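Below: the structure, in structure tokens.
The values are calculated or read from the model by the stated rules, or taken from the named source; none is laboratory data. Given the structure is predicted, the values throughout are model-derived calculations rather than measurements. Ideal geometry is used to build each Cβ from the backbone, glycine not excepted, and the neighbour counts take in all protein chains shown.
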Amino acid sequence: MFAPLGVPAELAPGPGARAAIWRGAEVAWALLLGSPAAMVGALLLVIHLGLAVFGPALAPYHFAQFNILHTLETPSRDFLGGTDQFGRDQLSRVMWGARSTLLLATASTLLGVGLGVVVGMVGAFYRGFVDELLMRIMDALMALPALLLAMLLLTTVGANPVYVALGIGVVFMPRSARVVRGIALSLAAAEFIDAARARGERGLYIIFAEMLPNAWAPIIVELTIRFAYAILLATSLGFLGLGAQPPAPDWGLMINEALPFLAQAPWLAILPAAAISSSVVGANLLGDALSDLLALRRRGETL
Amino acid sequence: MTRAPGGEPVLAVRDLRVTYRTGAGPVRAVKGVSLVLPPGRVLGLVGESGSGKSTVALAVMAALESEAEVTGEVRFRGENLIGKPERELRRLWGRRLAMVFQDPTSTLNPVLTVGDQLVEVLVEHEGRGPAEARARMLELFAAVQLPNPAEIARRYPHQLSGGQQQRVSIATALACKPALLVLDEPTTGLDVTTEARILDLVDSLRQRTAAGILYITHNLGVIARLADEVAVMYAGEIAEQGPVGAVFARPRHPYTVALLDCLPRIDRPPATRLLPAIEGTLPDPRAEVCACQFAPRCALAQERCRGEHPGWFETAPGQGARCFYWERVPPPGTVRAPALAKPRGRASTRPVPLLEVVDLVHHYRQAGGLTAMLGRAPIVRAVDRVSLGVVPAETLAVVGESGSGKTTIARCVTGVLQPTAGEIKVDGRPVPRRPAARPRKLRRRLQIVFQNPDLTLNPRRTILEAVARPLRLFGLVDRRTRRSAAARLLEAVGLEPRYLDLFPAQLSGGQRQRVAIARAFACRPDLVVCDEPTSALDVSVQATVLNLLASLQAREHTSYLFISHDLSVVRHIANRVVVLYLGRICEAGPTEEVFAPPWHPYTEVLLSAVPSLSATSVTGTIRLEGPAPNPAVLPSGCPFHPRCPRKLGPICEREMPPLVTTDRGHAIACHIPRADLLRLQTAAPVPVS
Amino acid sequence: MRVFVFVGRRLLLLALVMAIVSVLIFGIVQILPGDVAVMILGTSATPADLASLRQKLGLDRPAALRYADWVGDAIRGEWGTSLLYQVPVRPLVLERLGKSAVLALVALAVAVPLAIALGVLSTLRRNHFLDQAVGLVTLVAVSVPEFITGTVLILVLGLQFGLLPPSSLIDPRASLWSIAPSLVLPTLTLVLALLAHMTRMTRASMLDVLEKPYIRAARLKGLRPRVVILRHALRNALLPTVGIVAINVGFLIGGIVVVETVFAYPGLGRLMVDAVNHRDVPVIQMAALVIALTYALANLAADVVYAYLDPRIRY
């Protein structure tokens, strides 16, 4: 019931006392050894990565290949995923769709978190007016619920995948900026930063060479959490018809298209639903395990 | 081991062993500790960090079960607590067995009033009705000398000062008249004047209660002041135990002697700037014990010490030590400190001070940003018209408690903070406020050493990168020579070149501080600002760092601007001292002048507050009254008048006293004439018992 | 007194944020794409049509003036006419807002207490079966977007067992009571998602609090576990939970947009999606503004409740 407080810090086993000198390989290793959840998460993501790379090559049919004679058929030997109203094989479509969905999610995550890191670090380091201005802009961006902001952005620029990625990136930026700024504020108060200032180092050097390397652990956790959310947001936009347009094999769009046939052909919805859910579950499992391992209290945050 | 006057001991610990289970193997925090505490006595458990003293405290409370393996016996009035189910322990906790923790801010619940946090104990254990419990709570608050108990009881923890919070914790622990009171570093983190008043309180408590008190601390002075018995812990074992007077007068364990010797003394001028330090580090807590644990750091160690674990030797009635050769242990004060190195070249006697701070002012708003724009955040005057100067090759110490503005001065000098007004001059020429605007040469000449060894080095940079960066920046080395240059620097601070490729987390706190000093000295600076460089370190490590600073100064003629709250350290290291209170100078002058009467009343209070090892102190016991000041609301006149024990009258509230300097350079800012101060302060020196 | 100052300050902040939000909305919709007329009519429109639409919308005037007019009109309550439905925007948006509010409030009322209870319960049985089950189920639940949950619910409860109407194509004039059955599935979808998110967050904040030194201190005062949990831990853990509820209102709004689409429920989210798909600029702008205001008010309420619960802010 009560959390053990653990070994007193002064007795904690010497070198590498937490987070300070974790290296990438160590983290990965510790994750896989220590947590079955992380292993399942990593496995799911690897499968999806495989789909994204090899899916189109492995898929039995092209995503847009019509088979007028086989419409709305249940899964069979010929059509493993069943067929839709145009006779397209649903499994092939899901396999083709992995690439665009994951690419979109990756691009928008990198963009959003990247911008957030810059904004958060710059604000925390310079403080004062710069910080105030940046944070008020971030507040305003956050005053619009994520999906709403994405919808607005897409209304005007149109549903091009590049714009969708940009839109999601803009949605993520303020949220990541806040997280990073919190970390950067405590870093900026550290004495080694004062030492760098007193040496007369340039601001950009301090931000990127002194502060950033100390923030990568929380940033990686942020990346995994955002990646999961990017898939959710991207497929939701697709479902609403604001993302990819037919006949693209977008997972969200496929579920929307399956809705009218739900009674006759439920398999049309089930495959893409499973694809979406499993990829997000994978990212969330990994994110949870990472934040536990790096002793960052970010459990439960998925937004 | 302990004489037991008057009845059965409250606490008898036998062969207590505590092992934490960690991913990196078992960590043996306590390795066979035995203690006896009779009722009405104070047992002081003293040790440096890593000695396992706090683990003993929690084990005595039987509060470690869920996280560690505990074996041995903890008998509370004859009843073994180890292995007792929590349901039964709950009837003892808070009622018969009570504990006060180190940091009162985090051990009081922020969303409950402090009164309620005491009342709930009375309700739980004594089944008192609300009205009755409240009345008793007010009594208890009064007993711990909280001013205006009824008003305090309604407040939340964050509305109280640290000292008041700790008084609340103590009152709560005393609520049900416990038979055993465990105090785990209850004054660590408090200012020295606050600490003195809490110690006074504990002192008066021990005379009033029949409870046995287990007092855990790292501070030998506190033990000397409060305890009847002392147990010195080292690496999870008790090195020595016995009556306080006997142990401190004639310790029989080399560690105890070394610990007493390496303390800078507040009660006498230093014979030399070097202290007999304890070199080396604690043994790995994961290792099995099969030799004397202190042997690697012991000057007396023989072959036998390294191959056999010493048992307990009775050295005198009621006193014992864990040392084979306890009879050969020399008394404290006989170890000669190493001599200072010969200075390199001759000190230049330049007429101008190296560093001058002229009328420095630093004000800031308490809340930044939008709050400041919308509401009017109060202005805090951190530093108010402070002037000081440092001449080449001297150490000027700036002393004060938290909120005195001492760190702000250091940060303004180094350029990390920008002063609101005033000037900073080097060699008589004003320097730009921002470091980036300062010429490279100036930045090279002015370096810093910080307080916190955890954060003073970038955790993601190797030691080589940390030390070589300033060399590169100031163009002193190129890519080829930087490694050898860095190795030479490490050597100068007593570290081997193999440390170059390690990360800060792989070094101990003292080693990290050495690296920080190496970094500061990398470019042969003229002035190093030392911002509390030893306050986060254990006393044995502190001694090595102070020695390092002293020998570097002797060799390089470097000046130090030494910021500290520790008067003992200041007396040891400084040539001149400036005493700050609320951002203003109240006393300044050569060190020995400042440490001898007459004093500014605030200096007097500070000196009398420090718990000292010596039985008779030069100072009387006068205490700081009143609440800690709010730097946002400066009092009129002399800033010290609301708390001054020697307040003269209305003039103190009206006028800021000028800083009056004698021809020997000793300055005091007080309305009381110097002669009168001297008379008042030498009239009745009350010995501190 | 301090409470008034506090709330007053927050209101000022709210006004400031809303001002920036209105600029943002207007900027995104009217300035970014270059030409609203092209956006509305499409690229195949004749120049004459474009010109007349521009005239009608006043697009020939400078953006700053148009913004000022828009904000002025919005404040005065003249919200314009929908291009798609050809009806005044204000009643349209407000009526849809009411419909969505029913969904949202019911979902919140069910999910908030349940989430707190579940979150606390699972920390009390830390690492036992219940905790791990809650952890796994909520993790999967937050990983499944609402349009999938909704679809599955339709499949299982609506189509397979025929228990509930699968869609909410309801008569706008019908009474709340008569449409109640068709509200069940959309609400349930929202509740599931909210519940999962909030349980996870409550659990995390509870775990945080249980590690605090004051909990150990309370335990060593000999207090019963019930007192330690309910009096010492929960009160502190509830503080972040207030913030969590506010975060989840934003999340809920997103969820509502999706859920209303799945179930064809005529709420504000559905209106927004239709407006976006049909480039109904006046509706998009006002609906976005109303949603942002709702969200901002929820945050304000959370701040006030937080300040009320936390003595460190109250005093």
Tell me which of these B:Leu537 doesn't satisfy, since it passes every other one: (1) part of a loop (DSSP other than H, G, I, E, B); (2) surrounded by fewer than 20 Cβ atoms within 10 Å (Cβ to Cβ). (2)
Given the options B:Val30, B:Val36, B:Val42, name the one that is surrounded by fewer than 22 Cβ atoms within 10 Å (Cβ to Cβ) and among the hydrophobic types (A, V, I, L, M, F, W, C). B:Val36
Would you check which residues across segment B:657-677 are surrounded by fewer than 16 Cβ atoms within 10 Å (Cβ to Cβ) and either in a loop (DSSP other than H, G, I, E, B) or touching an Asp or Glu at 6+ places or on another chain (Cβ under 8 Å) (or both) and list them? B:Pro658, B:Thr662, B:Asp663, B:Arg664, B:Gly665, B:Pro673
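From the list B:Leu118, B:Leu138, B:Leu112, B:Leu89, pick out the single residue that is surrounded by 23 or more Cβ atoms within 10 Å (Cβ to Cβ) and either at pLDDT 90 or above or in contact with a Ser or Thr (Cβ under 9 Å, 6 or more places away or on another chain) (or both).
From the options B:Leu118, B:Leu138, B:Leu112, B:Leu89, the qualifying one is B:Leu118.
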Residue check for A:Ser100: away from chain C (no Cβ under 14 Å), out of contact with any Asp or Glu (no Cβ under 9 Å at 6 or more places or on another chain) and either touching a residue at least 12 places away in the same chain (Cβ under 8 Å) or not β-branched (Val, Ile, Thr) (or both): no
So C:Ala264, is it over 20 Å from C:Gly243 (Cβ atoms) and away from chain B (no Cβ under 14 Å): yes
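To keep it simple, each residue is scored yes or no on (1) out of contact with any strand residue (DSSP E or B) (no Cβ under 9 Å at 6 or more places or on another chain); (2) under 17 Å from C:Ala292 (Cα atoms); (3) at pLDDT 75 or above.
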| residue | (1), (2), (3) |
| --- | --- |
| C:Gly27 | yes, yes, yes |
| C:Val36 | yes, no, no |
| C:Ile40 | yes, no, no |
| C:Asp49 | yes, no, yes |
| C:Val71 | yes, yes, yes |
| C:Ile75 | yes, yes, yes |
Test result for A:Ser278, surrounded by fewer than 24 Cβ atoms within 10 Å (Cβ to Cβ), within 12 Å of chain C (Cβ to nearest Cβ) and farther than 24 Å from A:Leu51 by Cβ: no
Just to be sure I understand, how many residues within segment C:64-93 are loosely packed, with under 14 Cβ neighbours inside 10 Å and part of a helix (DSSP H, G or I)? 8
What do you reckon, is A:Asn214 under 30 Å from C:Glu146 (Cβ atoms) and either in contact with a Leu (Cβ under 8 Å, 6 or more places away or on another chain) or within 14 Å of chain C (Cβ to nearest Cβ) (or both)? no
Restricting to segment A:282-297, name every residue that is more than 8 Å from chain C (Cβ to nearest Cβ) and modelled with pLDDT under 80. A:Ser291, A:Asp292, A:Leu293, A:Leu294, A:Ala295, A:Leu296
Sole residue being under 22 Å from B:Arg555 (Cβ atoms), buried (at least 16 other Cβ atoms within 10 Å of the Cβ) and in contact with a Ser or Thr (Cβ under 7 Å, 6 or more places away or on another chain), chosen from B:Ala516, B:Ala492: B:Ala516
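Okay, residues lined up against (1) at pLDDT below 90; (2) more than 16 Å from the chain's Cα centre (by Cα); (3) closer than 19 Å to C:Ala111 by Cα:
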{"position": "C:Thr189", "(1), (2), (3)": "no, no, yes"}
{"position": "C:Leu207", "(1), (2), (3)": "yes, yes, no"}
{"position": "C:Gly267", "(1), (2), (3)": "yes, no, no"}
{"position": "C:Leu271", "(1), (2), (3)": "no, no, no"}
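Which of the residues belonging to segment A:98-128 are modelled with pLDDT under 85 and assigned to a helix (DSSP H, G or I)?
Listed by number, the list holds a single entry, A:Gly128.
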Restricting attention to segment A:53-60, does a residue exist that is outside any helix (DSSP H, G or I) and at negative phi? yes
Tell me, yes or no, whether segment A:283-299 has at least one residue that is assigned to a helix (DSSP H, G or I), surrounded by fewer than 23 Cβ atoms within 10 Å (Cβ to Cβ) and in contact (Cβ under 8 Å) with a residue 40 or more places away in the chain. yes
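In segment B:76-85, is there at least one residue being touching a helix residue (DSSP H, G or I) at 6+ places or on another chain (Cβ under 9 Å) and away from every other protein chain (no Cβ under 14 Å)? First the steps, then the outcome.
So in segment B:76-85, the residues touching a helix residue (DSSP H, G or I) at 6+ places or on another chain (Cβ under 9 Å) come out as B:76, B:79, B:81-82, B:84.
Among the residues that remain, those that are also away from every other protein chain (no Cβ under 14 Å) are: B:79, B:82.
Yes, some residue in segment B:76-85 is touching a helix residue (DSSP H, G or I) at 6+ places or on another chain (Cβ under 9 Å) and away from every other protein chain (no Cβ under 14 Å).
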Looking at B:Leu360 and the list (1) at pLDDT 90 or above; (2) closer than 30 Å to B:Arg444 by Cα; (3) exposed (fewer than 14 other Cβ atoms within 10 Å of the Cβ), which single condition is not satisfied? (3)
Could you please find all residues in segment A:104-141 being within 8 Å of another protein chain (Cβ to nearest Cβ) and under 29 Å from A:Asp250 (Cα atoms)? A:Leu141
Which numbered condition B:Pro459 fails, given (1) buried (at least 18 other Cβ atoms within 10 Å of the Cβ); (2) facing chain A (nearest Cβ under 8 Å); (3) of a type outside the set (A, V, I, L, M, F, W, C): (1)
Quick one: B:Ala436 ticks every box in (1) at the interface with chain A (Cβ under 8 Å from one of its Cβ atoms); (2) touching a residue at least 60 places away in the same chain (Cβ under 8 Å) bar one, so which box is it? (2)
Are there any pairs, at least 6 apart or on different chains, whose C-beta atoms fall under 7 Å, with the first in segment B:457-480 and within 14 Å of A:Tyr205 (Cα to Cα) and the second at pLDDT 90 or above and of a type outside the set (Phe, Trp, Tyr), and if so, which? B:Asn458/A:Glu210; B:Asn458/B:Ala466; B:Pro470/B:Arg519
Considering only residues that are more than 7 Å from every other protein chain (Cβ to nearest Cβ), closer than 19 Å to C:Arg126 by Cβ and crowded, with 21+ Cβ neighbours inside 10 Å, which ones fall in segment C:229-259? C:Ile229, C:Ala233, C:Ala237, C:Leu238, C:Thr241
Give the residue, chosen from B:Thr188, B:Thr193, that is of a type in the set (Val, Ile, Thr), part of a loop (DSSP other than H, G, I, E, B), within 24 Å of the chain's Cα centre (by Cα) and surrounded by fewer than 22 Cβ atoms within 10 Å (Cβ to Cβ). B:Thr188
Unique residue being of a type in the set (D, E, K, R) and crowded, with 24+ Cβ neighbours inside 10 Å when the list is A:Arg136, A:Arg127, A:Arg93, A:Arg99: A:Arg93
Can you tell me which condition B:Gln293 does not meet? The list is (1) in a loop (DSSP other than H, G, I, E, B); (2) of a type in the set (S, T, N, Q); (3) in contact (Cβ under 8 Å) with a residue 60 or more places away in the chain, and all the others hold. (3)
Looking at segment A:233-271 only, could you name the residues that are within 18 Å of the chain's Cα centre (by Cα) and not hydrophobic (A, V, I, L, M, F, W, C)? A:Thr235, A:Ser236, A:Gly238, A:Gly243, A:Asp250, A:Gly252
